1. Might you let me know whether region 71-85 holds any residue that is outside any strand (DSSP E or B), basic (Lys, Arg), on the phi < 0 side of the Ramachandran plot and in contact (Cβ under 8 Å) with a residue 60 or more places away in the chain?
2. Condition test on Val50, is it more than 13 Å from the chain's Cα centre (by Cα), within 12 Å of the ligand (Cβ to nearest atom) and in contact (Cβ under 8 Å) with a residue 40 or more places away in the chain?
3. On the given criteria, is Leu61 in a helix (DSSP H, G or I) and within 13 Å of the ligand (Cβ to nearest atom)?
4. Which one is surrounded by the fewest Cβ atoms within 10 Å (Cβ to Cβ), of the residues in region 29-47 that are modelled with pLDDT under 90 and within 11 Å of the ligand (Cβ to nearest atom)?
5. Taking only pairs six or more apart or across chains, which ones have beta-carbon atoms under 6 Å, a first residue in region 23-42 that is under 22 Å from His70 (Cβ atoms), and a second residue that is surrounded by 12 or more Cβ atoms within 10 Å (Cβ to Cβ) and modelled with pLDDT of 90 or more?
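The values are calculated or read from the model by the stated rules, or taken from the named source; none is laboratory data. Since the structure is predicted, the reported quantities are computational estimates derived from the model, not experimental observations. In this analysis, Cβ positions are derived from the backbone assuming ideal geometry, glycine residues included, and neighbour counts consider all displayed protein chains.
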Amino acid sequence: MGRRHWQNWDAPGVVDWLDAEWPGLTVDPTLSSLVDLVEIHHGAGPILEVGCGTGRTHEALMRRLVLRPHGYLGLDVTPAMVERARARYPHADFRTGHLLAPPFSDAS
Ligand SMILES: C[S@@+](CC[C@H](N)C(=O)[O-])C[C@H]1O[C@@H](n2cnc3c(N)ncnc32)[C@H](O)[C@@H]1O
């Protein structure tokens with residue numbers, strides 16, 4: 001997945017832009033509803049977040065302690081996003097990979 005992908009999440013400056021604009025984006029209510037859904041419906045096993053970006057959803061899950069019993073794996077096709085997420089949350093498992101070719105085996 002070395003080449004640019006169509007959404008341009010890997011374009012220069014996008015990671016910094018996303019981080020800088022995040023507080024002004026109206027995603028908090030959406031994130032909160034997402035965490036509600038995970039709390040209600042997630043059964044057992046680690047949570048896989050595809051398109052984890054810089055880790056803000058991970059942070060929302062962590063804040064509510066949803067990850068404590070389950071564990072978490074964040075996957076993103078954009079290396080710069082994964083780098084930022086790792087820098088921000090060094091104890092979490094963030095990996096670079098495409099949704100259609102995840103870097104782990106089937107049924108793992
Ligand atoms: C809106 S941003 C991420 C928001 C993120 N959930 C958060 O909490 O900050 C969407 C992300 O999806 C990633 N992405 C897009 N297509 C992907 C694919 N096919 N496989 C994995 N990640 C993908 C992009 O690189 C980008 O970081």
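1. Yes, that holds for at least one residue.
2. Spelling it out, it is not the case that Val50 is more than 13 Å from the chain's Cα centre (by Cα), within 12 Å of the ligand (Cβ to nearest atom) and in contact (Cβ under 8 Å) with a residue 40 or more places away in the chain.
3. When the stated conditions are applied, Leu61 passes them.
4. For region 29-47, the residue satisfying everything is Thr30.
5. From region 23-42, the pairs are Leu31/Ala60; Val35/Ala60; Val35/Leu61.
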